[in-house]
Amino acid sequence: MSKTASSQARWIGILVFLLVISLGELTALLLNYQNNFYLRQYVSDNLGGTLVTAVGLLVLASGAAYLVSKKIWAAKATGPHVPVFARIGSFVGRRYKLIIVFWILLLVASLPLSQQLSQVVTSSTSGGQSGTSESAQAQNLMAQEFPHPQSNTSAIILLQGNDITDNATKQFTLDLEQRLLEHGVLNSLENVTSVYSIERAYLTGYYLQQGYSYAAAQYTANQTLWSHTLSTYPIPIPPAILQNFISPDDKVMIVLVSFSKSPGSFRSANTDPILKNVVTMRNIISQLKASGGPSQTYITGDLATTADSSLGSANDLSLIEPVTIGAILILTGLFFFAIATPFVPLTIVGLALLITEGGLYLIGKFIVPIQDTTTTFLFTIMLGVGTDYSIFLMARYREERVEGHDKAQAVQTSVTWSGESITTSATTVIIAFGAMTISSFTLLKSIGVGLGFGVLIALLVSLTLIPSFILIAGDRIFWPRSGKRFESYAIKARKKRIERPGYFRRAASFSVKRPLLVLGLTVLISIPAIYISFTGATSYDFTAGLTHAESVDGLKVLQQSFGAGQIGPTQVLVQFPATILANGNLTMGVQAGLEKLSQNIAGLSNVKEVTGPTRPNGSPVDATNMAALNSQERLAILGTIGKDNRTGLVTVLFVQEPFTPDSLNTVGQIRSLVTSLQSSDASLAQDTILVGGASASTLDFANDTTSQFNTMRVLTVAAIFVVLLVVLGSYPLAITGILSIGLSITWAYAATLLFFNNVLGSGVLFIIPLILFLLLYGIGMDYNIFILTRIREEAQKGKETRQAVVDAVDRTGGIITALAFILAGALGSLLLSSNRLLEGFGFAIALAVVLDAMVVRTYLVPAIMSVLGQRAWWGPNRLRRVRFDKKNETQSANP
């Protein structure tokens with residue numbers, strides 16, 4: 001090829017690369033579109049910047065591919081080129097004993113560290129939100145000016161019955177209070193607050209005013225507490241306070257338990273003393289209920305959900321581990337029809353898992369906290385992916401042995417060809433996980449670091465330790481099909497391949513002969529999948545993901561009894577330039593400004609109630625004349641004024657729960673309203689007004705995540721395209737890999753929406769499609785790489801493209817399908833999790849893997865290759881792996 005033609009091919013390659021990124025962007029848009037309330041705004045505000053960034057990255061990536069190709073070509077020009085993996089295979093063949101010793105020593109060093117992994121594991125899914133977001137600034141100001149107990153330092157106990165004001169519930173509540181307050185029962189206990197503890201305080205104050213001594217006042221107050229009921233106490237609790245503890249229908253009562261400390265940075269219900277309190281309180285309640293009391297009790301709140309997340313992860317692992325291991329043993333045994341074979345990859349990948357956990361301890365201690373969801377994910381991903389890589393290499397070894405090659409030559413060939421495939425596959429997985437590390441969200445960063453590191457260790461083990469073990473054990477790894485039995489099996493396998501073509505050869509032949517039919521059916525299936533992906537609803541409630549947890553059930557009861565918006569109010573903080581109190585009263589300007597703000601917010605459709613300095617009980621009052629108000633109203637107003645006497649707190653309760661799309665939209669409406677008022681009202685123009693709370697934090701997190709995801713997906717698709725281009729040496733094949741996995745993602749995501757929304761009725765968390773894109777562009781690329789590299793290998797032997805496709809699918813069909821079902825079985829075990837996030841990932845990834853192996857790789861890829869013919873190998877001259885002379889090209893063009 002001339003220099004001019006080579007230069008043209010290079011520039012065409014860049015244009016093709018841009019097309020590939022567009023396909024990736026379209027797939028990502030499908031997965032994000034249903035979150036339209038922020039996606040559309042983001043697109044309209046940042047489209048230009050996103051395009052400029054994307055084009056810049058693409059040009060840089062293309063330049064990297066050019067430099068790599070130039071280096072490879074220079075290496076070829078200096079002399080005979082020995083493939084990298086052939087050199088690795090040769091090294092393993094010479095130093096296999098040393099390799100085994102190295103991995104054993106690394107295991108010994110890692111084992112003590114892996115035992116300490118739980119010390120750096122956190123159960124909290126929060127954290128990582130941008131410190132510059134409005135909700136984060138509001139949270140900081142709230143903590144500074146209103147230092148009330150934080151949500152994660154208190155637990156909410158709910159008592160439910162037909163009438164929780166009766167004597168039986170009163171006795172249960174007082175007994176519970178007494179047990180909880182006993183010395184040493186709960187760690188760092190600060191206070192237990194119920195309607196009865198409040199009434200005790202009122203009665204004690206009343207008797208002190210009557211001239212009683214403090215001890216006598218306390219004694220008499222307790223006697224009165226036991227002998228009267230809430231409706232007959234001489235000093236009744238004000239309704240404004242009572243409504244915060246007892247539901248309007250008298251069926252649910254709240255007891256607050258606050259602690260002086262919050263859980264540590266690395267939170268586990270088995271080790272953290274504050275989280276252990278949740279378990280202790282549940283045990284005490286269970287003991288008291290044996291003697292009577294309310295019909296239902298719940299411990300809920302942020303502290304309880306964190307504890308339940310930790311306990312759920314431990315329970316999940318106890319279920320997932322045996323199921324995953326059992327699935328791998330059974331499926332691997334069936335594929336190899338051997339007893340010993342399944343234990344080889346399982347044992348070696350188990351070794352890799354322990355080494356990875358040791359490394360994760362160091363990462364969690366010095367770099368980033370490891371989220372407990374990551375450790376659950378790590379187990380399934382390591383066993384699934386690591387077993388896939390190991391079995392793929394072992395299957396190639398068996399294939400070479402069947403063909404009559406000796407043990408050393410079979411290992412050398414396996415590492416040379418399968419080693420390149422699994423390394424390319426692992427590289428795409430690591431790229432996808434690595435992209436997550438740029439996220440500010442702790443969960444994503446933890447998954448990216450932990451799983452990327454785990455896949456790297458699994459790759460190194462599969463590439464070096466598996467062939468080293470084979471060199472020692474030989475065909476005994478296929479016991480009882482070893483020795484003479486293996487020789488007999490090899491003869492039968494060769495004979496069967498000649499006499500009777502298998503399913504995968506027939507499927508590939510069908511696709512090669514009727515490519516347009518296959519492509520047409522693909523489009524037909526994709527249209528409804530795209531529609532469902534566009535229109536499917538997602539959820540923003542991470543807590544609801546703990547579907548079987550007591551804390552989540554308690555939140556539902558709290559929502560039904562006290563109002564949906566009660567569980568996560570929105571706070572509007574207004575900080576004025578000067579003090580807002582004069583002689584104990586609000587200044588006129590502050591009264592007017594705050595009431596105008598409160599009145600406008602109260603007019604929004606999703607707002608149930610607004611309280612603040614001008615509305616202590618939800619109704620407007622004149623706070624410029626405090627003397628005219630009762631004591632409860634005065635106390636309520638002072639409670640909404642910060643320590644600096646410049647900050648006012650307006651609390652907004654929504655009609656709907658805080659994590660619905662309508663509630664997130666309402667936060668946007670409040671912020672727009674604030675901007676409008678500040679531009680039109682001089683009394684608010686100089687003020688700092690921040691909107692925070694549960695809904696605002698979720699909205700800001702969603703916006704931050706989407707923004708970061710746009711960068712992640714560009715980096716992921718760009719990097720994977722470069723890897724495929726370098727390995728396959730072909731633009732069309734690289735595009736095929738990117739496009740086909742995009743289809744698998746769309747199909748799997750549509751099925752996930754249908755299954756979780758319509759069948760289970762549990763919903764799909766909005767973050768699932770974001771992470772699904774990255775995970776499947778890594779993990780889901782495996783089988784495309786396995787088949788495309790094998791097609792390239794067959795074509796390099798001089799076969800015509802269509803024949804190379806049929807032979808490659810025939811040779812790899814059984815092993816790739818087995819690997820797909822093994823990985824799907826491992827990941828599918830996540831459906832046993834109590835965490836909806838893991839359930840969604842398990843279902844979607846397992847389905848996508850099966851679709852990719854059974855449909856995309858078996859039918860779609862051969863159809864595309866048939867349409868392309870020898871054009872499938874077109875690429876940069878320096879990277880092309882398959883070349884045809886002009887005579888062959890002419891024959892291909894005119895069959």
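Below are the figures for this structure:
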read-out	value
Amide H within-cut-off set for Glu190, under 5 Å, with H built and near neighbours excluded	Ser258, Phe259, Ser260
Phi-based couplings in Hz for region 687-704 (Karplus 6.51, -1.76, 1.60; Gly and Pro marked x)	8, 9, 10, 10, 10, x, x, 4, 5, 5, 5, 5, 4, 5, 5, 4, 5, 4
Cα shape, region 682-783, gyration tensor, a/c 1.5 rule	oblate
Karplus 3J(HN,Hα) series, Hz, for region 678-684 with 6.51 cos²θ - 1.76 cosθ + 1.60 (x for Gly, Pro)	5, 7, 10, 10, 5, 6, 10
All-pairs alpha carbon distance profile, region 206-255, 10 Å steps from 0, percent	22, 42, 29, 7
Radius of gyration and maximum dimension Dmax of region 623-682, Cα, Å	15.5, 43
Local electrostatic count at Tyr540 - Lys and Arg +1, Asp and Glu -1, tallied over other residues with Cβ under 12 Å	-4
Cα→Cβ-extended label distance, 7 Å offset, between Gln686 and Ala408, nm	8.9
Heavy-atom surface of region 501-622, accessible at 1.4 Å and reported per residue (Å²)	46
Heavy-atom accessible surface of region 253-372: percent carbon and sulfur, 1.4 Å	62
Amide H contacts under 5 Å for Glu609, placed H, 5+ residues apart	Leu653
Percentage relative contact order, region 665-751, counting C-alpha pairs under 8 Å, at least six apart	16
In sequence order, calculated HN-Hα J values of region 781-797 (Karplus, 6.51, -1.76, 1.60; Hz; x Gly/Pro)	7, 3, 6, 4, 5, 4, 6, 5, 5, 6, 4, 4, 4, 5, 5, 5, 7
Cross-link pairs beyond the 27 Å C-alpha cut-off, checked among Lys251/Lys289; Lys445/Lys643; Lys484/Lys799	Lys445/Lys643; Lys484/Lys799
Sum of side-chain charges, Pro577 neighbourhood, beta-carbon under 12 Å (Lys, Arg +1; Asp, Glu -1)	-1
Formal net charge of residues neighbouring Trp226 (Cβ-Cβ distance under 12 Å; K, R +1; D, E -1)	0
Histogram of C-alpha separations across region 625-731, 5 Å bin width, %	2, 9, 12, 12, 13, 13, 10, 6, 5, 5, 4, 3, 2, 1, 1, 1, 0
Residues whose placed amide H lies under 5 Å from that of Ser133, excluding near-sequence neighbours	none
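The values are calculated or read from the model by the stated rules, or taken from the named source; none is laboratory data. Keep in mind the model is a prediction, meaning the values are calculated, not measured. When we count neighbours, we look across all protein chains shown, and the Cβ atoms used for this are built from the backbone with ideal geometry, even at glycine. We work out accessible area using only protein heavy atoms, side chains counted, and drop any ligands, DNA or RNA first. Shrake-Rupley method; radii C 1.70, N 1.55, O 1.52, S 1.80 Å.
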